[in-house]
Amino acid sequence: MFQPPSAPAVKYDILSPVFFADPYPTLRRMREEDPVFWHPLLKCWVLTRYADVQRVLRDTRSEFSNSKAEQYGLGAPESVRDKLDVFNAFVSKWVAFMDPPNHTRLRALISRAFTVQAVERLRPRIQSAVDELLGAVRERGRMDVVDDFAAQLPMIVFSELMGVPREDGERLRQTALIVMSLFGAGIASAEAVESAYAGVMSYYEYFNGHIAARRSRSTEDLLSKLIEARVDGVGMTDDELVAMCVTLFLASQETTLYMVANAVHTLLLHPEQAQRLRQDPRLIDNALEEMLRFDSPTFGTFRRALADITDLSGGGKIAAGDYVLSVLVSANRDGSRFPDPDRFDIERQDIRHLSFSSGIHTCPGAALSRLEGRLAIQTLLRTFSELHRDSDAPLEWLPSMMVRGFKSLPIRMTPA
């Protein structure tokens, strides 16, 4: 994904490890100087202001398309074109990357699984999983927030929801990392395409097996409900079901993983705020929203313009057919929307961040992710009186235009 050595210089280097480690100073400059910026390597417009990002996400006039599979694998050599086409065909079936009416039909099929009531029924199981994970590391007083906690929690919840073996979670997660690496890549290598293709094939093999089993014998899990669900008498095909399973896994895994890990990291940087939350656990809902605003688990999202766009706050003209990268982490730090945006304050008011997107593509699992995040952070602070980094080594941030997170976060904990 990194800028090749022969590439022309770009005013804002948003493809480097230095940028991903701390993107906020660069994004602040872009909001001030070039809020609608054409990136010659990504071949898209980069939007960084809250008003413009929200305008694209809500898109009440159907001026943007979310069907953009051909944007992935940009720059990949012709030698892997066939495998890239398979990958993109698979991605095109994901509800997250569809436009109405297909999006409307599939969204209706899954929305019933994520009602407030349905999510709330999972609270005891989520709390049990959180207690189990923290109990396993309590005595040793150390853990890797990513591997031991943040990645494990959504895998347990997903296995419970879908009725797949919990021990398969790590396999699914490793495949997700491979697939997501191509999503986030600005410039794709042949190796990245090969790996993503293998990941897609692995997902087809795995979920087709479970779908066939449920068609033979229905159970009470969400997968069975998706197979049986109908909208106007029409259900999902097997290909759509596989794509839906993968979408739900990635949505639950990636969003919750990096939400929890980024939140813990933010609390490590602001111990006084962590202590305030310990003293008043009632602040957890507001605190979680501020954590999502301050360091979002979602970096950005791509759209394709269907019409000429001339009314963005930053000026400029986006032509029909152009791609647009809406940078959510930048919108969430926009000073015109959030006073003193680089200050972390768990008692901040009016925190309408865009970390779960907005409009018809708002994350359908947002309520579930929020519940997992609340229980994870609240229980962590209740279980341990102090949290500290267990390494002085710089964090290795993921080089991704899609998600924001790091690969590892070793910490030391003092039991309460």
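The values are calculated or read from the model by the stated rules, or taken from the named source; none is laboratory data. For clarity, every value in this text was computed on a predicted model and none was experimentally measured. Note that each Cβ is placed from the backbone with ideal geometry, even for glycine, and that neighbours are counted across all protein chains shown. The area values use the complete protein model at the heavy-atom level, side chains included, leaving out ligands, DNA and RNA. Shrake-Rupley method; radii C 1.70, N 1.55, O 1.52, S 1.80 Å.
Which members of the range 163-195 meet the condition of being closer than 22 Å to ASP147 by Cβ and open to solvent by less than 40 Å² (accessible area, probe 1.4 Å)? Across the range 163-195, the qualifying residues are VAL164, ASP168, GLY169, LEU172, ARG173, THR175, ALA176, VAL179, MET180, PHE183, GLY184.
Would you be able to say whether some residue in the range 212-225 is under 30 Å from SER159 (Cβ atoms), crowded, with 18+ Cβ neighbours inside 10 Å and touching a Leu at 6+ places or on another chain (Cβ under 7 Å)? Checked against the condition, which is being under 30 Å from SER159 (Cβ atoms), crowded, with 18+ Cβ neighbours inside 10 Å and touching a Leu at 6+ places or on another chain (Cβ under 7 Å), the range 212-225 yields at least one hit.
Looking at LEU134, LEU57, LEU153, LEU122, just one residue is closer than 27 Å to LEU381 by Cα, of a type in the set (A, V, I, L, M) and within 19 Å of the chain's Cα centre (by Cα), and that residue is LEU153.
Only residues that are in contact (Cβ under 8 Å) with a residue 40 or more places away in the chain and open to solvent by 10 Å² or more (accessible area, probe 1.4 Å) were counted in the range 321-330, giving 2. Pairs meeting the criteria (first residue in the range 305-320 and within 21 Å of LEU27 (Cα to Cα), second residue of a type in the set (S, T, N, Q) and part of a loop (DSSP other than H, G, I, E, B), beta carbons under 9 Å, at least 6 apart or on different chains) are SER313/SER336; GLY314/THR48; GLY316/THR310; LYS317/THR310; ILE318/THR310.
For ALA198, are the conditions met, namely being outside any loop (DSSP other than H, G, I, E, B), open to solvent by 10 Å² or more (accessible area, probe 1.4 Å) and out of contact with any Ser or Thr (no Cβ under 6 Å at 6 or more places or on another chain)?
yes
Could you look through the range 10-28, keep only residues that are over 23 Å from the mean Cα position of the chain (by Cα) and open to solvent by less than 100 Å² (accessible area, probe 1.4 Å), and pick out the one that is modelled with the lowest pLDDT? This residue is VAL10. PRO394 passes all but one of (1) open to solvent by 30 Å² or more (accessible area, probe 1.4 Å); (2) part of a helix (DSSP H, G or I); (3) within 30 Å of ALA192 (Cα to Cα); which number fails? That leaves (2) as the condition not met. Of the helices (runs of 4 or more DSSP H) lying entirely inside the range 30-142, those containing at least 3 residues that are surrounded by 19 or more Cβ atoms within 10 Å (Cβ to Cβ) are 50-58, 81-91, 102-111, 123-138. Of all the residues in the range 303-326, those that are of a type outside the set (D, E, K, R), over 29 Å from ARG343 (Cβ atoms) and at pLDDT below 90 number 1. Exactly one residue out of GLU205, GLU220, GLU167 is assigned to a loop (DSSP other than H, G, I, E, B) and either more than 24 Å from PHE302 (Cβ to Cβ) or among the hydrophobic types (A, V, I, L, M, F, W, C) (or both), and it is GLU220.
Pairing each residue of the range 195-222 that is more than 24 Å from ASP85 (Cβ to Cβ) with any residue that is at pLDDT below 90 and among the acidic types (Asp, Glu), provided the two are 6+ apart or on different chains, yields C-beta distances under 7 Å for SER218/GLU228.
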